[in-house]
Amino acid sequence: MARHAQATLVGARLEKNNDRLIFHVFDNGVGFDPAKAGAKKSLGIVGMQERALMLNGELKIESAAGQGTALTLTIPPMRSIR
Ligand SMILES: Nc1ncnc2c1ncn2[C@@H]1O[C@H](COP(=O)(O)OP(=O)(O)OP(=O)(O)O)[C@@H](O)[C@H]1O
Ligand SMILES: [Mg+2]
């Protein structure tokens, strides 16, 4: 985020919902089109996605040009991935 976003505000929040862990990270930077990001030779987001899947989790990225970026990682209770 620091490298791409040119954000003046970055935040993170960890919450637990029915034993699921939900990790939000967001910035108010330049944003981007997540559909196009995957097409480049970039491994950051793809790598996070693969690691989320390994944990039976899910990574969601919401962003658009000029609208900042919000990332949500949801992972199931630890006992179910042991
Ligand atoms: N927080 C963000 N704000 C604005 N643009 C972003 C943000 N995060 C990612 N991007 C855009 O999405 C692209 C893909 O990001 P990703 O982290 O997957 O790859 P990268 O940073 O370019 O390369 P790598 O992580 O492999 O060094 C970036 O090149 C950038 O254009
Ligand atoms: Mg990156």
With +1 on each Lys and Arg Cβ and -1 on each Asp and Glu Cβ, and nothing else charged, work out how big the dipole of the chain is about its Cα centre, in Debye to the nearest 20. 240 debye
Return the sequence-ordered ³J(HN,Hα) values of the range 64-78 in whole Hz as given by the Karplus equation 6.51 cos²θ - 1.76 cosθ + 1.60 applied to θ = phi - 60°, using x for Gly and Pro. 7, 3, x, 10, x, 9, 10, 10, 10, 9, 10, 10, x, x, 3
Which of the listed residues, GLN67, PRO34, LEU53, is farthest toward the dipole's positive end in the chain, when Lys, Arg count +1 and Asp, Glu count -1 at the beta-carbon? LEU53
Return, ordered by residue number, the residues of the range 11-26 whose backbone nitrogen is under 13 Å from a label point located 7 Å along Cα→Cβ of LYS60. 22-25
The range 14-21 - phi-based ³J(HN,Hα) in whole Hz, Karplus 6.51/-1.76/1.60, Gly and Pro as x: 10, 9, 10, 9, 6, 6, 7, 9
Below 8 Å, C-alpha to C-alpha, sequence gap of six or more: please give me the relative contact order for the range 7-75 in percent. 38 percent
Among ASN18, ASN56, ASN28: highest mean-square fluctuation, GNM of the chain, C-alpha pairs under 10 Å: ASN18
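We did not get these values from a lab; they are worked out from the coordinates using the rules stated. All of these numbers come straight from a predicted model, not from anything done at the bench. Neighbour counts are summed over all protein chains in view; Cβ atoms, including those assigned to glycine, are modelled from backbone coordinates with ideal geometry.
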